[in-house]
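One structure is given here, and the rest of the page talks about it.
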Amino acid sequence: MDQSYVLLSAQASLLTPIARLARTCTHIFAVAYPALYRLCFDFTSQEKFEKFCDLMATSPRAHLYAREVLAIIAIEQECGVSSQTVRKLAKHDYDDRKFPRLQELCFGPTGSKRASPITDHALTAILRQCPALSCVQFDNLNSIKGHCFLRDDANMPVHGLRQLQLRFCDAIPANLFKIIAKFAPNLEELELTHLYPRHLEAISKCHKLRLLSVDHIHVGADEADAFMFLSDVGYIPRIENICLVDADELTTEHVVKMVEKWGPRLKRLALGAVDGVGDDAIMAVAKSCPNLEFLDIGDLGIGDEPLIELIKSCPYLSYLDITYNDLVTDQLLVTLRDHAPQLRVLYASEAIHLSRHAWVNFVDSAERLQSFSAGAFWRERYFRDWVNVAHPEFTRYDPRECEWSIEGYEKEMAPASRFDPLTDADRDEEGNDWEDGWMDLGLGGVFF
């Protein structure tokens, strides 16, 4: 027999198992290796999320992969979170908890219309496998009622939640009071939508709370005193970050009492679409919150005087959003230039009294600026061309808002992100809204 043929045959027999191993690694370890090295999964597509769920349900080594996972994040529209996929994650054939180290669990809306909506039963199955869970985020899960949080049997170990985010889960409010009350002793971050007065009372018991973000607070004219639960003596003593958006009956008086109570601890404040808040509230923020770093008062009619006082009183201010403010003038930009050395973000979309000349001077002198929205000039070709030539480090991010950001800037809270998200069906081919509203700009992080 030809010696070269024997050599090739030997090489082929050696390569066959190597090829099989490589193919196995391609199909399995391409999904599994983050569990061993990055430990966190942040999915952006239904296909990749389903592959991960299949691996966790069928691989003989699933328990080895699962015990290393720290985070599972699948909250984008394309991920296709459904009851079937969640049950695959929860499937196991051994006595120990499947995800003993999992700390963060984030699920978003069902991506496919054919997929069954995620249910409380499916969520209960996965929560039972996560004894170390400290962060839960459910976004646009309209079929869940919150029963998955309220089970007190021995197989439900989730009691030490520190971060809880329930956004646009329409069936949750009926049980929300019980959910907040159950986790109140340990909660440090709480993000909710569609609250009622009784929910504010439950929040007041979260004495360790550092972050509170609430969107759509339904309070009647005769229930406005419910906001006092957020500011009375002894309530929420550690708060540092608060966001109150679309809060019915929230007034200047309420905000004044809140900021006087929180004082120097407050670092981030967002008040959006609250018609009852005026200049005196921002003046109180200037006097009481010298460590403020983040201020979002989009859709509020606030004049120059309180904003100038705030800028001079808050040397750490790095983020300012005055979207749709038609009262401020060029003096605001001059004050920011002279008294806000830490400013990184300025959103002033549709602030119609800010002149082109003032914008040019401000952008030229703002050394730390990373992102800005130049409101009334987004249709002016001259201004766009000037930014492109004089400051090539900025690129246009959102044509609708004329927003520019430097490469690598990670979104904190863009002007559009305060309100209900728009799906692609609500936008035309050029990305413009068919109806009034806003879109969700997504998350940063490690994707795959």
Residue that is surrounded by the most Cβ atoms within 10 Å (Cβ to Cβ) [pool: residues in the range 125-148 that are modelled with pLDDT under 90 and farther than 24 Å from residue 188 by Cβ]
125
Elements of type helices (runs of 4 or more DSSP H) in the range 139-206, at least 2 residues being closer than 19 Å to residue 107 by Cβ:
147-150, 173-183
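Of all residues being among the basic types (Lys, Arg) and surrounded by fewer than 17 Cβ atoms within 10 Å (Cβ to Cβ) in the range 349-399, which is modelled with the lowest pLDDT? Just the residue, please.
Initially, the range 349-399 is screened for residues among the basic types (Lys, Arg), giving 356, 368, 379, 381, 384, 396.
Going one step further and asking which of them are surrounded by fewer than 17 Cβ atoms within 10 Å (Cβ to Cβ), we end up with 356, 368, 379, 381, 396.
Details: 356: 85, 368: 91, 379: 59, 381: 73, 396: 72.
If we take residues in the range 349-399 being among the basic types (Lys, Arg) and surrounded by fewer than 17 Cβ atoms within 10 Å (Cβ to Cβ), then 379 is modelled with the lowest pLDDT.
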Looking only at the range 283-301, and only at residues there that are small (Gly, Ala, Ser) and closer than 19 Å to residue 343 by Cα, the one that is surrounded by the fewest Cβ atoms within 10 Å (Cβ to Cβ)
286
Matching residues, the range 64-112, being acidic (Asp, Glu) and either in contact (Cβ under 8 Å) with a residue 60 or more places away in the chain or in contact with a Ser or Thr (Cβ under 8 Å, 6 or more places away or on another chain) (or both)
76, 78, 104
Restricting to the range 149-167, name every residue that is surrounded by 15 or more Cβ atoms within 10 Å (Cβ to Cβ) and either modelled with pLDDT of 90 or more or closer than 19 Å to residue 189 by Cβ (or both).
149, 158, 161, 162, 163, 164, 165, 166, 167
Here are some residues: 293, 253, 309. Which one is more than 27 Å from the chain's Cα centre (by Cα), at pLDDT 95 or above and more than 19 Å from residue 203 (Cα to Cα)?
309
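Residue by residue through the range 296-340, note down the ones that are assigned to a strand (DSSP E or B) and touching a Phe, Trp or Tyr at 6+ places or on another chain (Cβ under 7 Å). Walk me through how you get there before you give the answer.
To start, the set of residues in the range 296-340 that are assigned to a strand (DSSP E or B) comprises 296, 319-321.
If the condition is that a residue be assigned to a strand (DSSP E or B) and touching a Phe, Trp or Tyr at 6+ places or on another chain (Cβ under 7 Å), then 319, 321 are the ones that fit.
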Which is assigned to a helix (DSSP H, G or I) and among the β-branched types (Val, Ile, Thr), of 245, 259, 219?
259
Just to be sure before I move on: is residue 130 closer than 19 Å to residue 163 by Cα and part of a loop (DSSP other than H, G, I, E, B) in the structure I sent?
yes
Between residues in the range 180-195 that are without any contact (Cβ under 8 Å) to a residue 60 or more places away in the chain and residues that are in a strand (DSSP E or B) and of a type in the set (Asp, Glu), which pairs lie under 6 Å by C-beta distance while being six or more apart or on different chains?
193/215
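The values are calculated or read from the model by the stated rules, or taken from the named source; none is laboratory data. Since the structure is predicted, the reported quantities are computational estimates derived from the model, not experimental observations. Positions of Cβ are backbone-derived with ideal geometry, glycine not excepted, and every protein chain shown enters the neighbour counts.
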